[in-house]
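Participant: After the structure tokens below, expect a handful of questions from me.
The values are calculated or read from the model by the stated rules, or taken from the named source; none is laboratory data. Predicted model, so just to flag it, every value in this text is computed and none were measured. All Cβ positions, glycine included, derive from the backbone under ideal geometry; neighbour counts span all protein chains shown. Calculation scope for accessible area: heavy atoms of the full protein, side chains included, ligands and nucleic acids excluded. Shrake-Rupley method; radii C 1.70, N 1.55, O 1.52, S 1.80 Å.
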Amino acid sequence: MWAWALLPVFLAVFGIIGMWAVFAIAVFNNTVNITEEVPFISTCGSYNPQSCLFSQICNICSVLALWIVIIRFQQVRDLGSGSHLNTAGLVLGFISSIGISILGNFQQSIVMGAHLLGVFLTFFLGLAYFWVQAWLSYHSLLSHDRKWVVPVRVILCSLCTCLIICIFVLYNTGFRSEAAICEWALVMCFFAFFAIFAAEFRHIDCHKLTVQNNERKSTSYANGVWAIQEIH
């Protein structure tokens, strides 16, 4: 069902618009001064009122990312590609998605330790998740879009890796504005990576959650409190 392709696209569009909206509000109310230096995303989202919007955007992105991670895990499993690596990807994606919510709800101006933990989970484990997906895409012979999806994923993963290194080097050497620019580029690449899932999600026929088998034997307690009958 091609409609599932809208989920990763919505996450990417919503996240990009949301981050730049936070930036615009921060500049408009003078909580950041772009004439002095380019602010980090976390700096823009540290002050009211945009901090509330920043937290809500991160929470929504966290839920959507987790949803995408689960669907992708099931899709790769059905294609029969890398069971153990696919499970590892699920764990990395799950933890990384939780990290998005942590960094959004614990602003750096309030609880720096928790915020940095969220940053680590989001970007480092998130990047590991993206590399796992690139590997799974390469070994998925049944993938319809393997020829172009794999190169794009590898390029984005390589770019994100370089950007993370640049952020640390530039920040520690005093080039804060340059480091902030790299951070903005990194976040945009992350959203772009999620958007690529649309190419594979459009081939999903259906997606359902089964909590119990259809064929169930009639079961009842002697006291007659409840009964489960066979479903045909």
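Participant: Leaving out ligands, DNA and RNA but keeping every protein chain, what accessible area does R202 have, in Å² rounded to the nearest 10, with a 1.4 Å probe?
Facilitator: 110
Participant: Measuring from a point 7 Å past the Cα of Y138 along Cα-to-C-beta, which residues in segment 62-86 have an amide N at less than 20 Å?
Facilitator: 73, 76-77, 79-86
Participant: Further question on the same structure: With a ≥ b ≥ c taken as the square roots of the eigenvalues of the C-alpha gyration tensor of segment 36-174, please select rounded if a/c is under 1.5 and otherwise prolate if a/b is larger than b/c or oblate if it is not?
Facilitator: Working: a/c = 2.58, a/b = 1.72, b/c = 1.50.
Prolate shape, in that a/c is at least 1.5 and a/b is the bigger ratio.
Participant: Turning to a different aspect of this structure: Students sometimes get this wrong: rank W4, W148 by accessible area, probe 1.4 Å, all chains present, largest first. Could the numbers behind the result be given before it?
Facilitator: Working: W4 40, W148 120 Å².
Accessible-area ranking of W4, W148, largest first: W148, W4.
Participant: How much length is gained on full extension from E36 to F124, taking 0.36 nm per residue of separation minus their Cα-Cα distance?
Facilitator: Numbers: separation 88, 0.36 × 88 = 31.68 nm, distance 2.90 nm.
Separation in residues times 0.36 nm, less the Cα-Cα distance, equals 28.8 nm.
Participant: Oh, and also: For M188 and I110, FRET efficiency with R0 = 22 Å and r from the beta-carbon atoms, rounded to 0.05?
Facilitator: Values: r = 26 Å, r/R0 = 1.17.
Working from the Cβ atoms, E equals 0.30.
Participant: Also, I was wondering about something else. Whole-Hz Karplus ³J(HN,Hα) for segment 38-53, in order, using 6.51 cos²θ - 1.76 cosθ + 1.60 and θ = phi - 60°, x for Gly and Pro?
Facilitator: 6, x, 6, 4, 5, 5, 5, x, 8, 10, 6, x, 5, 5, 5, 5
Participant: When the Karplus curve 6.51 cos²θ - 1.76 cosθ + 1.60 is applied with θ = phi - 60°, which whole-Hz ³J(HN,Hα) does each residue of segment 24-31 get, with x for Gly and Pro?
Facilitator: Result, rounded to whole Hz: 5, 5, 4, 6, 5, 9, 6, 7.
Participant: Please compute the length gained on full extension between I17 and L159, using 0.36 nm multiplied by the number of residues separating them and subtracting their Cα-Cα distance. Write out the running numbers ahead of the final one.
Facilitator: On the way: separation 142, 0.36 × 142 = 51.12 nm, distance 2.15 nm.
That works out to 49.0 nm of additional length.
Participant: Enumerate the calculated ³J(HN,Hα) couplings along segment 111-125 in order (Karplus 6.51 cos²θ - 1.76 cosθ + 1.60, θ = phi - 60°), each rounded to whole Hz, writing x wherever the residue is Gly or Pro.
Facilitator: 10, 5, x, 5, 5, 5, 4, x, 4, 4, 5, 5, 8, 6, 6
Participant: Tell me, what % of the accessible area of segment 40-112 is carbon and sulfur with a 1.4 angstrom probe? Show your work: numbers first, answer last.
Facilitator: Values: 2240 of 3210 Å².
Result for segment 40-112: 70 percent of the exposed heavy-atom area is carbon or sulfur.
Participant: Going 7 Å from the Cα of Q56 along its beta-carbon direction, which residues of segment 1-37 have the amide nitrogen within less than 20 Å of the resulting point?
Facilitator: Label zone hits: 10-31.
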